[in-house]
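> Quick one: structure below, then a few questions.
The values are calculated or read from the model by the stated rules, or taken from the named source; none is laboratory data. Computed from a predicted structure; not experimentally measured. Cβ coordinates were reconstructed from backbone atoms using ideal geometry, including for glycine residues, and neighbour counts include every protein chain displayed.
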Amino acid sequence: MPMPKVAPQLNTCPRCKTAFETGGRGRPKKGQVFCSMRCKALNRVVQPDLHEPTQLQLAYIAGLFDGEGSIVLYNRGYGGRPQLRATVSNTFEGVMDWLMQVLCTGTVVRHVHPAETGYKDALTWQCYGQNAAKLLGLLLPWLIIKKERALYAIGTQVVVGSTARV
């Protein structure tokens, strides 16, 4: 006996606002909320919006970033645009606390080294996606070494809610 036809239901993804159908044969299950696994995963990663620092703070952060920072573009395996990560590494905890206080976003990761190696524990402040693109845009006037890489990285990111680039 053939399966009865089920009318598809039109849903809207809360993350990217894309319309998609659920229910019926060959479609996602009726109760699916997000349009894709990517949107479901990105919805779990929520960073507070970047606070805009003063011009003096931006100049200092740019110096830190030129010396101890990195700009990473990586492919997460699901196609589309590359993901952006901006990081600053240091062994002094006060610098990382100050970055978190001034920017109000990102995370700090501690890298512990065994005592016998003689290395200090390192700390890395990291910021992803739109916040990283916004930070790089704010730092552009003061960046020297990483200016070209920052411009390229900003160009790869799409502003949330539009098709325009940053």
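> Could you grab me the full set of residues in region 130-145 that are outside any helix (DSSP H, G or I) and crowded, with 16+ Cβ neighbours inside 10 Å? Give the steps one after another, and end with the answer.
Of region 130-145, the ones outside any helix (DSSP H, G or I) are 140-145.
Matches in region 130-145: Trp142, Leu143.
> State whether the residues of region 110-129 include one that is part of a helix (DSSP H, G or I) and closer than 27 Å to Gly155 by Cα. Break it down stepwise before answering.
Pass one, region 110-129, residues part of a helix (DSSP H, G or I): 115-117, 129.
With closer than 27 Å to Gly155 by Cα added as a condition, the list becomes 129.
Yes, region 110-129 contains a residue that is part of a helix (DSSP H, G or I) and closer than 27 Å to Gly155 by Cα.
> For Val102, indicate whether it is in a strand (DSSP E or B), surrounded by fewer than 18 Cβ atoms within 10 Å (Cβ to Cβ) and among the aliphatic types (A, V, I, L, M). Give the derivation first.
On the way: in a strand (DSSP E or B): no; surrounded by fewer than 18 Cβ atoms within 10 Å (Cβ to Cβ): yes; among the aliphatic types (A, V, I, L, M): yes.
No.
> Right, another one. So the check is Cβ under 7 Å with 6+ separation or different chains; which pairs have a first residue in region 18-36 that's farther than 18 Å from Val6 by Cα and surrounded by fewer than 12 Cβ atoms within 10 Å (Cβ to Cβ) and a second one that's of a type in the set (Ser, Thr, Tyr) and modelled with pLDDT of 85 or more?
Filtered contacts from region 18-36: Ala19/Thr12.
> Moving on. Only one of (1) more than 15 Å from Gln126 (Cβ to Cβ); (2) surrounded by 14 or more Cβ atoms within 10 Å (Cβ to Cβ) is not met by Val88, so which one is it?
Val88 satisfies all of (1) more than 15 Å from Gln126 (Cβ to Cβ); (2) surrounded by 14 or more Cβ atoms within 10 Å (Cβ to Cβ) except (1).
> OK, next. Working carefully through the options Val109, Val102, find the one that is closer than 16 Å to Ser70 by Cβ, of a type in the set (Val, Ile, Thr) and without any contact (Cβ under 8 Å) to a residue 60 or more places away in the chain. Reasoning before the result, please.
On the way: Val102 fails: closer than 16 Å to Ser70 by Cβ.
Step by step, each of Val109, Val102 is checked, and only Val109 is closer than 16 Å to Ser70 by Cβ, of a type in the set (Val, Ile, Thr) and without any contact (Cβ under 8 Å) to a residue 60 or more places away in the chain.
> Exactly one of (1) modelled with pLDDT of 90 or more; (2) over 15 Å from the mean Cα position of the chain (by Cα) is unmet by Phe34. Its number?
Answer for Phe34: the failing condition is (1).
> Let me ask another. Of the residues Ala115, Ala59, only one is at pLDDT 95 or above, surrounded by fewer than 15 Cβ atoms within 10 Å (Cβ to Cβ) and over 30 Å from Ala19 (Cα atoms); which? If you could, list the steps in order and put the result at the bottom.
Values: Ala115 fails: at pLDDT 95 or above.
Going through Ala115, Ala59 in turn, just one is at pLDDT 95 or above, surrounded by fewer than 15 Cβ atoms within 10 Å (Cβ to Cβ) and over 30 Å from Ala19 (Cα atoms): Ala59.
> Which residue is nearest to Gly106 (Cα to Cα), if the candidates are limited to region 38-56 and must be at pLDDT 80 or above and not polar (S, T, N, Q)? Spell out how you get there, then give the answer.
Initially, region 38-56 is screened for residues at pLDDT 80 or above, giving 50-56.
Among the residues that remain, those that are also not polar (S, T, N, Q) are: 50-53, 56.
Details: Leu50: 9, His51: 11, Glu52: 14, Pro53: 14, Leu56: 20 Å.
Checking each candidate, the answer is Leu50.
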